[in-house]
Amino acid sequence: MSGFIALWCASAALASALLAVTRPGIVHGLMWLVAALLSLAGCFYALGASFAGAVQVLVYAGAIVAVFVFVVMTVDATPEALAEERARLSGAWRLPAGVVALVALPLLLGPNSTGLEPGPATVPLKALGALLFGPWAIGVEIASALLLAALMGARHLGRRR
Amino acid sequence: MTLLAWLLLATASIVLLALLMVAAGVFTWVERRVLGFLQERLGPNRVGPFGFLQWVADTVKLITKEDAAPAGADRAAYILAPAFAAIPMLTGFGVVAFGEGWAVADLDMGVVFVMGMLALTVYALVLGAWASRNRYAMLGGLRAAAQMLAYESFLGLSLMGVVLMAGSFRMSDIVAAQDGLWFILLQPLGAALFFTAGIAAAHRLPFDLQESENDIVAGFMTEYSGMSFALFFLGEYIAVMLVAALGTTLFLGGWYGPLLPGPIWFGLKVGLICLAFIWIRAALPRPRYDQLIGFAWKVALPLALLNLLVTGWIVVGRAG
């Protein structure tokens, strides 16, 4: 049952990701991106990684894309801008994109896809935390240093003259 | 899972949804009466005994009103936005443990799940604002986006102290860890920060600058009418109840209490917090917007981090 739900959510994620990059209106594209992220969260839940699923909803769908929307909202969606976007989307990119999709298709249908068959092994959160602050501590620290650098950069750009 | 278990779960979910919507309706009446009392006027007192049936009359009125989108509105987003206000809040109640074993889905990530659902409401405000093609709505939407980001960041941190002490994100585990001593006594700073952020997350006065009617009409929902307007309000009232339920679980010992059965204690505590929300609404004026955002980032967030740090020291010190 959870395997079926995972596949269902994965298909929804794929479809909404496709729509996210092909919609001319940028806010509509972002909404499909949210749909893709939420479907991905559904996948995580169904496969037993409920913490990853919850964090996906909280951080990606709830915060990061919300910042995108915040910025994009102020861009005026004039008919001219929409027409320009449509013209860009109808270019010659379809052929290479189709070829890439054909190449990637065996990855979806190949024998590895049986890896989705779930042992309903839920990931215990304490084990995850111990991993993040044990063997992966340096990775976590590097990521936090990067965020700190971004924070200082934003502070510098936003300072009052 | 057997078919019977699925059926039971489906029935429990439907009953919970129906109860929540009725509770939201009754809440509107209680709020108007209590506000009336606090402001020395009567409030709605004509429909039914003490005006109790006012919310039924309002619902009928809202259902039958025309729901007209403004010309030039983005139809899809305009229709989707109110759904984003109500559905995540209703979903969030799925993991709330109302009593021992009284939860639709007692997820091991319960608290994080509710936080995620609270975070999703930002789309209701922002999408509704953007889709309306209205300057006032846009101002409200921009305020909403910045405010939600500021307040959700320390909402999460303020309740981490409790999670550390209980050692679990599961609602029922957190309640079980408070047998005898409620976390509000051990985490007073966390509780104060949580309820401050909770008011902002449910966008209630005094943190409702995104719809503050004395400067931007009704903010993000200026253009909404009829049932989609009602969905925004449903979302807001259920958000208040969700924050109250989360606060009860985290800080007020959940379903624990003498004599009465657990779910009744839970309901009483949630009702008390909701009344406090109404009281705060009547008592406090709105801050200026820069004060609001400055308080979140410069005061509340460092305090929440400090609270987490000290709690961490104590928990580790007692364990080791």
> Can you give the three extents of the C-alpha atoms in the protein assembly as shown along their principal axes, from longest to shortest, in whole Å?
Replying inline: 70, 63, 63
> Over chain A, what is the mean sequence separation of C-alpha contacts under 8 Å (at least six apart), divided by residue count, expressed as relative contact order in percent?
Replying inline: 22
> Roughly how many nanometres apart are two label points built 7 Å out from the Cα toward the Cβ at B:ALA71 and B:VAL316?
Replying inline: 6.5
> Can you give the Kirkwood hydrodynamic radius of region A:15-112 from its Cα pairs, in Å with one decimal?
Replying inline: 15.5
> Which one of A:VAL99, A:VAL67, A:VAL75 has the biggest mean-square fluctuation once chain A is modelled by GNM with Cα springs under 10 Å?
Replying inline: A:VAL99
> Taking R0 as 35 Å, what's the FRET efficiency between B:ASP290 and A:ALA143 from their Cβ-Cβ distance, rounded to 0.05?
Replying inline: 0.70
> If only Cα atoms are counted, what is the Rg of region A:22-70, and what is its Dmax, in Å?
Replying inline: 11.5, 36
>> What are the extents of the Cα atoms of region B:70-319 along their three principal axes, in Å, largest first?
In response: 61, 37, 31
> What list of ³J(HN,Hα) values in whole Hz, one per residue of region B:3-12 in order, does the Karplus curve 6.51 cos²θ - 1.76 cosθ + 1.60 (θ = phi - 60°) give from phi, with Gly and Pro shown as x?
Replying inline: 4, 4, 5, 4, 4, 4, 5, 5, 4, 4
> Which one of A:ALA92, A:ALA15, A:ALA145 has the biggest mean-square fluctuation once chain A is modelled by GNM with Cα springs under 10 Å?
Replying inline: A:ALA145
> A:VAL103 to B:ASN45: FRET efficiency via 1/(1 + (r/R0)^6), r the Cβ-Cβ distance, R0 51 Å, to the nearest 0.05?
Replying inline: 0.10
> Tell me, what HN-Hα J-couplings in whole Hz come from the Karplus equation 6.51 cos²θ - 1.76 cosθ + 1.60 at θ = phi - 60° for each residue of region A:13-24, using x for Gly and Pro?
Replying inline: 4, 5, 4, 6, 5, 4, 5, 4, 8, 10, 6, x
>> Which residue fluctuates most in the GNM of chain A (Cα springs below 10 Å): A:LEU40, A:LEU146, A:LEU30?
In response: A:LEU146
>> As a footprinting exposure proxy, order B:SER158, B:SER168 by other Cβ within 10 Å, with the fewest listed first.
In response: B:SER168, B:SER158
> Just how far, in whole angstrom, is region B:111-172 from region B:9-78 if you go by their alpha carbon centroids?
Replying inline: 23
>> For Cα pairs less than 8 Å apart in space and 6+ apart in sequence, what is the mean separation divided by the residue count of chain B, i.e. the relative contact order in percent?
In response: 23
>> Below 15 angstrom from the Cβ of B:VAL175, what's the summed charge of the other residues (Lys, Arg +1; Asp, Glu -1)?
In response: -3
> Normalised by the residues of region B:124-218, what does the relative contact order come to in percent, with Cα pairs under 8 Å and at least six apart?
Replying inline: 35
> What's the exposure ranking of B:THR248, B:THR91, going from fewest to most Cβ atoms within 10 Å?
Replying inline: B:THR91, B:THR248
> What ³J(HN,Hα) values, in whole Hz, does the Karplus curve 6.51 cos²θ - 1.76 cosθ + 1.60 give for region B:289-304 when θ = phi - 60°, with x put for Gly and Pro?
Replying inline: 5, 5, 5, 4, 6, x, 4, 4, 7, 9, 10, 5, 5, x, 4, 5
> In debye, nearest 20: dipole of region B:110-266 around its Cα centre with unit charges on the Cβ of K, R (+) and D, E (-)?
Replying inline: 160
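Read-outs: derived from the displayed coordinates by stated rules, not from any lab. A quick note: this is a predicted structure, and the numbers were derived from the prediction, not measured. Reconstructed Cβ throughout: ideal geometry from the backbone, glycine too, with neighbour counts over all protein chains shown.
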